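The values are calculated or read from the model by the stated rules, or taken from the named source; none is laboratory data. Bear in mind the structure is a predicted one, so any value in this text is a computation, not a measurement. So basically every Cβ, Gly included, is an ideal-geometry build from the backbone, and we count neighbours across all protein chains shown. Protein only, heavy atoms only, side chains kept; ligands, DNA and RNA dropped before computing areas. Shrake-Rupley method; radii C 1.70, N 1.55, O 1.52, S 1.80 Å.
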Amino acid sequence: MHKNFKGIDKTVFGRGSFDQLGQILEPRRNANDHFMVFIIDNYFKGKDLVKRLPKQAEDVVRFIDVDPHEPTTDQIDELRDTILKENGLPAGVIGIGGGSIMDIAKAAALMFTNEGSSQLYQGLNLIKIPGIYHVGVPTISGTGAECSMTAVLTGPVKKLGLKCEWTIFDQVVLDPELIASVPNDKWFYTGMDTYIHCIESMHGILNNAYSMAYGEQALKLCRDIYLGDQAGQTAENDDKLMVASLMGGLSLTYSEVGVCHALSYGLSKILGEKHCYANCLAFQHLGDYYPEGVAEFNRMMKKHNVVLPQGLSASWSDQVITDMAEVAIKLEHMWNHAIGTDWKTRITINTIKELFKRF
Ligand code: NAD
Ligand code: ZN
């Protein structure tokens, strides 16, 4: 079966496009109990952006600190239950932030109309009823969460997305001015998520002309941003990075990620490393799987004076390495794409443990 996916309904791109948000929301305000919920990264508390929020008296604004942990099912349930009890059913949810905030907004939009805990819906097509209108406004670019059909949540049992067609944003606002304040290290790691999405998407059996076209263009943009004569955090490169993130996300949606993301999930699940940083930790050691990609990644690190820790595995017990390898090997679709349909004859739990020992 070929992939047949829904896309984002509407996308606005451009410097200052954030100021169109009020106009965008206006025709949606009559739905349900006639108010909007703004979910905003805590970083913006007290900043100018909050003054520009098209907030009306009845709207709810929630600031969330995404640094202590990645989004959890409890967090979504609490958010939904409190707002339903105190304010009613919103007309829409707007997530303003990075992958974490956008995932919270996507998950909340679905859970406003689906009963019980969000834990019940972690997986593919488990959501029963379409969610409410939801808008994504990225403020850090790279993960592709703005265009993906999943909202990744950590629950008591599993870390897995609420994945279905209704997860996809109805509207995305891409305003490159919003990513200007991203600190240099996060700019690098998060942008590298896009770079790795492209390399992995394009190197595997599910690659095709459609995913390749997005991947090639996103790679070209990454090369300008991180290696070109004008490399660095400039306004022009912020424009490019926002587009690269979206295109890298579309590339992997129509193909698949590979070895690096499989290992990175293990690192995130067992050791709590953040997605983009975990990818960088893994990718540097995968020269035998992605020789040109890793060589180029190393050049990008050098150009931006990024130094990743070495010798990490020396402090990991065999149990920790086994646990991470067990998480990684379960991501069969990634191994299938990266290695081939006979991957089980070439990749065993021990192969993966050896990969982790390179860290
Ligand atoms: P994030 O949302 O976790 O934010 C990273 C950091 O950047 C935070 O400290 C945040 O406060 C800060 N930040 C955000 N915007 C800023 C700005 N403009 N200026 C200064 N600081 C800013 O970052 P992320 O890497 O985009 O997202 C990671 C999350 O995304 C993880 O929870 C991961 O599971 C999820 N994810 C989701 C998908 C998906 O398809 N849904 C894909 C990959 C990762
Ligand atoms: Zn990724």
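Structure summary
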item: Accessible area (Å², per residue) of the stretch 184-356, counting only protein heavy atoms and a probe of 1.4 Å; result: 42 Å²
item: Relative contact order (percent, whole number), the stretch 269-359, Cα cutoff 8 Å, 6+ residue spacing; result: 36 percent
item: Carbon and sulfur %, accessible surface of the chain computed with the full protein complex present, 1.4 Å; result: 52 percent
item: Arg29 accessible area, 1.4 Å probe, all protein chains in place, Å² to nearest 10; result: 20 Å²
item: Karplus (6.51, -1.76, 1.60) ³J(HN,Hα), θ = phi - 60°, over the stretch 64-74, in Hz, Gly and Pro reported as x; result: 10, 8, 8, 6, x, 7, 6, x, 10, 5, 4
item: Check: the stretch 10-179 dipole with +1 on Lys, Arg Cβ and -1 on Asp, Glu Cβ, in debye; result: 220 debye
item: About the Cα centre, charge dipole magnitude for the stretch 184-356 (Lys/Arg +1, Asp/Glu -1 at Cβ), debye; result: 120 debye
item: Between the stretch 200-239 and the stretch 1-44, the Cα center-to-center distance that results, in Å; result: 25 Å
item: Phe38 long-range amide H proximity, modeled H, under 5 Å; result: Val60, Val61, Arg62, Ile94
item: Distant-in-sequence amide H partners of Gly123 (H built 1.01 Å from N, under 5 Å); result: Gly161, Leu162, Lys163
item: Heavy-atom accessible area ranking, 1.4 Å probe, most first, across Ile129, Ile39; result: Ile129, Ile39
item: C-alpha long axis of helix 209-226 to longest principal axis of the chain, angle in °; result: 90 degrees
item: Centre separation in Å (Cα based) which lies between the stretch 183-197 and the stretch 52-129; result: 26 Å
item: Proximal charge balance of Gly97 [Cβ under 10 Å; K/R count +1, D/E count -1]; result: -2
item: Label-point separation, Ser317 to Asn30 (7 Å along Cα→Cβ), nm; result: 6.2 nm
item: Virtual paramagnetic centre 7 Å along Cα→Cβ of Leu89, amide N under 19 Å, in the stretch 124-146; result: 127-135
item: Solvent exposure ordering (accessible area, 1.4 Å, most first) of Leu227, Leu120; result: Leu120, Leu227
item: Rounded to the nearest 10 Å², the accessible area of Glu78 at probe 1.4 Å; result: 90 Å²
item: Listed pairs Lys10/Lys220; Lys10/Lys158; Lys10/Lys330; Lys6/Lys186; Lys158/Lys220; Lys274/Lys303 exceeding 28 Å between Cα atoms; result: Lys10/Lys158; Lys10/Lys330; Lys6/Lys186; Lys158/Lys220
item: Three-way shape call for the chain based on the alpha-carbon gyration tensor, with the a/c threshold at 1.5; result: prolate
item: Magnitude of the charge dipole, the chain, Cβ model with Lys/Arg +1 and Asp/Glu -1, debye to 20; result: 280 debye
item: Prolate/oblate/rounded call for the stretch 147-229, Cα gyration tensor, a/c under 1.5 rounded; result: oblate
item: Charge dipole (the stretch 184-356, unit charges on Cβ, about Cα centre) - positive-most of Gly272, Leu286, Met242; result: Gly272
item: Cβ-based charge dipole, the stretch 244-359, positive-most Cα from Phe297, Ala328, His261; result: Phe297
item: Spin-label proximity, Leu124 to the stretch 154-197 - amide N less than 19 Å from point 7 Å beyond Cα toward beta carbon; result: 158-168
item: Cα-based shape type of the stretch 139-279, given that a ≥ b ≥ c are square roots of the gyration tensor eigenvalues and the cut on a/c is 1.5; result: rounded
